[in-house]
Every structure is written in structure tokens, then in C-alpha cells.
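K.L.:
Take a look at the following structure, please.
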Amino acid sequence: MKLFELRKKMSNKTPLNFKLLRYFLLFGLIIVIVMWGFNTFFLDTFYTYTKSTQVEKNAKIISKSLADNKNVQGTIENIASYNALSVYVYDSTSLFSLKYSCDYDSPVMALDLAYHEVYSYYKSAKDNDGEYLCITNNILNSTAHSDFNKIIEKSNATNDTLQNGYRYSKRTSKVKNMIYSKIIELKDGSECFLIVTSSITPLNNTVEIFKNQIFLISIVFVLLAVIFSIFASNRIATPISQTNNSAKELAKKNYEVEFNAKGYLEVEELNDTLNYAKRKLEATEKLQRELIANISHDLRTPLTMITGYGEVMRDLPGENTPENIQIIIDEATRLSSLVNDLLDLSKLQSGAIQPEKNRYCLTDSIEGIFGRYVKLKEQDGYNISFNSSERVYVVADELKISQVIYNLVNNAINHCGEDKTVIVTQRVDNGKVIVEVTDHGEGIPADKLELIWDRYYKVDKQHKRGVIGTGLGLSIVKGILDAHNAHYGVRSAPDKGSTFWFELEAAAVKKDRKLFNTQPNNIHKFSEK
């Protein structure tokens, strides 16, 4: 068993070019075997079949000429001479008198058939729908033409053997004759009887010649098969080997490698896919490095402040003030928010978080979110408005959708520009509720729009204390909306602001023509972009 498993493992590790070489050689060997088998077992049968087809075809041409009574003798002579046939035409209404004849088949040259012999073939044709074909041994000699009846077997003879659709005599002879007879009705109502004969020459010498030729052809073919197999296998395997070597370099994080092997469509498509994967991996690693730098910065700053204010409160009398304690609390909250974002993103990407969908009023939920903004400590005079003319119900995870809105609003707050305005709009279109969050900030270049949903990505690469975040907020939004199978996107242009939107199926809509507008003057900033 162990030996079998070892062989199986070794066979599975056989290089592709050797496998292709083996298959090509096997294919060539099968062709050679087929050639030899055909020459050995089927050549006689094929030769006989070809002869019978030739005789029948020419007999039909002669029959048509007889029926039309046009140039009968000329047609018979042309066909007989060209195909080495003997042709006899008898008048069946006058004791089978010979009307036309032409002898080009050497074994039966100048043969005159007796009446009872012709009648025997006529009767056989009559019994077989007007035509009859048989093959007999030939033992004629130049002085015994009249004894032809002794060597032609009748169709009902007991010593005949039926082989491959033809009737063979059991008498042995080196040369055989194929005899085809047919009854033909003429236009004047009379009837004639056609006999066409063709000799079947022994193929012994021909077979020997074929064997010698096939032997030489087989040697040449095997050599060509080996050469072609080596060339084809290398041509097919080389691009795959190049791609494999490049993939190994990519696994070593060598992003300079290029997948450019050519050869055939599948390899080129594979190389295009691997080049795309390489670019994505390179970008992901770069963003991961940025993430580590950003997280290190965001962790270090609040920890430093917590440590510093704690030491001041410990060492200096009178510094244990509510303001210093609030700073420590704010920095701890900042750390908690960062850790929670990282945990949420990990859970969303691993599929550990599944939305718990319930029917609830999305409009009321957004109003509640804005109510929390109003209660925040006034600081910088932000203006945030929520516009809606309908109360909309959806079936979704209320907590997760609230997190989406928080992230989008806080993202807009961090990038809203000098006017410090953020507009949230809820509308219904064709049974869909669409929520849009708009700011008038710096906007996003067109070539960056597809990247902003990626984790770690930040449009503004400069890490600023005033704009808090690790680039995880929009990735969390993407993960939650994907889990809800929701559509989402962004419209933006440089220096013209951005509009982030998402849509959900509206479960119920109650129009009350009411406009909700919440505009707190001061909003605390604590979100991501």
C-alpha cells in the first residue's frame, strides 16, 4: 500500500511537458497500430467492396445507355476498356442471343457463355429483384471456354459460402471473378440481360509491398511524432512554467515580477489575472503599512495624553480638576472607538456578524441620531440638516444601519469644508428608500472613487490630528450594506463636495408632507474617512 501511494505521489508530480510527450507518443503509436491492423485484416474486404461498387456503378451507366438506345456499343467499349471489365448484353426474348460484347477483363477474355449458364444468372437476377452479384473462383484455360459452367457456382448451390455480402465458391483458386447480372427493360417493351465481369487479383504481392511501405512509414512517423511531441510539449509547458516561476516570486512578496508569458489564450488570461492580483496585493500591503502607521499614531497620541495628564494630576496639587479628568475620558473614548472599529471590520469581513432584520421606521431612527448630535457639547458651529417628506419603514438591522448613518455623517463632518454644512436627505423612489449624505468639502478625484471603500484607504494621505480616523469607517459601511444586499455609492468632484448614498427596500411609506430639519450649531467630531 505504501509503495502504491508513493508511486501515485510521484505520478502526480510528473512535469507537464513529460505528460504531454507521453500522450503524443501514445497517440502516434495508436495510429501506427491502426494502419497495420487495417492492412492485415481489412485490406481484402476493402478491395472487394471497392470492386463491387465499381462494377455496379458502371453497370448502371451501361443500363441507362441501353434503355435510351444511345451509342450503346461505344459506351460499353469505353467503360470496359477504362475499368478492365468484360461486358455481355443478351436479348432475353430470343433464347439469350448475344447483342453486344466487349472483353477487357483478361481472365475471361473472349468468353462465350452457354445458354444454360446465361439462363442460370438470369434466373438468379429474377429471384433478386432484377440484379444479382456473386464472386467465383476462376480456373479457366484457353481451350476450355465451353466448360465455364463447371466452375461457376449457381446461386442456390450447396457448396457456396456467403461472406461480406457476396457469394464465394469453396473451390480454391488464386484468381476470382466478380460477376454482376441485371435485367433491363427497354423503351419498346422488350427486355435484355446484362452481365458484367471483373477479375479480383490476389493481393499477396500488393500486401507485401504495403507492409514494407507501412514499416518504413511507421519508422518515419514515430520519429516525427517524437520530434513533434517534444516541440509541442515544450511549447505548451514553457508558458505555464514561466507563470509558475513568476508566481513563486510573487509569493516571496516580489511585486516587481511581471506575468507576461505568451503562448495561448488561457495562459494569457491567467497572466492578466495574476497581474491584477499582484497589483491588488501590492496596494493592500502598502495600505496595511499605512494602517499600522496611522493606528500607531492614533494609539500613541491618546495614550500619551492620558499618561501625561495622569502624572500631572498625581504630582501637582490642585490639578485634579474636572477639565483634566474630561480630557482623560475623551482620549480613552477615542481609543475605545478605534478598537471597536477594528473589531467591527474584522467581524464583518469574516462573516461573524449577520444582520438581525426587523421592521422599523427608518425616519424615526435618523431623527433619533440627530437628537444625539443636538445634545453634544457646542464647539465649532457645524450645521447639519435632515430633510424628508415621508415616514419610511424598512426591514433591516436597525443598529447596523444606524452605524452606517453615523459613519457617513461623521465622515462628512470631517470633510465638510469651510461652510461646515452637512445635509442628510431621505427620499423614496420606485419602492426604494434612498438616504444621501452631502458635504461641500474638498471632494474626491474620479480615479479615487472606487478605492475609498477599501479598508485602510484615505483620500488625504496626510495624517492630521484634526481629522480623526484610520480609514476604516467607509469599509465598515461597505461591509454592513453588503450584508444587507443594499446598493450604495458616491458622487463627487474635486472642490465640489461629495454625496454618499445607499438604498433599501421600503417596507411601508406613510406620507405626511412633513419636513424634518435638525440644525445643531455645534457638533463634536469623532468619525472616520
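The values are calculated or read from the model by the stated rules, or taken from the named source; none is laboratory data. A quick note: this is a predicted structure, and the numbers were derived from the prediction, not measured. We place every Cβ from the backbone using ideal geometry, glycine too, and count neighbours over all the protein chains shown. Surface accessibility is based on the protein's heavy atoms, side chains included, excluding ligands, DNA and RNA. Shrake-Rupley method; radii C 1.70, N 1.55, O 1.52, S 1.80 Å.
K.L.:
Using amide H atoms built in the peptide plane, which far-off residues or other-chain residues are under 5 Å from Asn387 H to H?
P.N.:
Val424, Thr425, Gln426
K.L.:
How large is the direction-averaged shadow of the alpha-carbon convex hull of region 211-355, in nm²?
P.N.:
16.7
K.L.:
Residue-wise, which Karplus ³J(HN,Hα) couplings in Hz belong to region 489-505, taking 6.51 cos²θ - 1.76 cosθ + 1.60, θ = phi - 60°, and x for glycine or proline?
P.N.:
Along region 489-505, the couplings run x, 8, 10, 7, 8, x, 6, 10, x, 9, 10, 8, 9, 8, 9, 10, 5 Hz.
K.L.:
What would the Debye formula give as log10 I(q)/I(0) at q = 0.19, 0.20 Å⁻¹ for the alpha-carbon point model of region 50-96, no solvent?
P.N.:
At q = 0.19, 0.20 Å⁻¹ the computed log10 ratios are -0.62, -0.68.
K.L.:
Show me the ranking of peptides 497-507, 338-348 by mean Cβ neighbours inside 10 Å, starting with the highest.
P.N.:
497-507, 338-348
K.L.:
Mind scanning Lys280/Lys432; Lys432/Lys478; Lys280/Lys496; Lys286/Lys496 and naming the pairs with a C-alpha gap bigger than 26 Å?
P.N.:
Pairs exceeding 26 Å: Lys280/Lys432; Lys280/Lys496; Lys286/Lys496.
K.L.:
Of all the accessible heavy-atom surface of region 204-321, with the other protein chains kept in place and a 1.4 Å probe, what percent is carbon and sulfur?
P.N.:
On region 204-321, the fraction of accessible area on carbon and sulfur atoms equals 61 percent.
K.L.:
Mind listing the phi-derived Karplus ³J(HN,Hα) values for region 176-185, rounded to whole Hz, using 6.51, -1.76 and 1.60 with θ = phi - 60°, and x for any glycine or proline?
P.N.:
After applying 6.51 cos²θ - 1.76 cosθ + 1.60, I find 10, 10, 9, 10, 10, 10, 8, 8, 10, 8 Hz.
K.L.:
Taking amide hydrogens as modeled 1.01 Å from N in the peptide plane, which residues meet the under 5 Å criterion relative to Leu186, leaving out close sequence neighbours?
P.N.:
Glu191, Cys192
K.L.:
By average Cβ neighbour count within 10 Å, what is the ranking of 238-251, 428-441 from highest down?
P.N.:
Ranked by mean Cβ neighbours within 10 Å, highest first: 428-441, 238-251.
K.L.:
Still on this structure: Let me make sure I get this right: for region 413-454, a, b and c are the square roots of the gyration tensor eigenvalues over alpha carbons, sorted descending. Under 1.5 in a/c it's rounded, otherwise prolate if a/b > b/c, else oblate. Which is it?
P.N.:
Oblate.
K.L.:
Same structure, new question: Using θ = phi - 60° and the Karplus curve 6.51 cos²θ - 1.76 cosθ + 1.60, what whole-Hz ³J(HN,Hα) does each residue of region 69-77 get, with Gly and Pro shown as x?
P.N.:
In residue order, the calculated couplings are 6, 10, 6, 5, 4, x, 5, 4, 5 Hz.
K.L.:
At a probe size of 1.4 Å, how large is the accessible area of Ile423, to the nearest 10 Å²?
P.N.:
My reading of the accessible area for Ile423 is about 50 Å².
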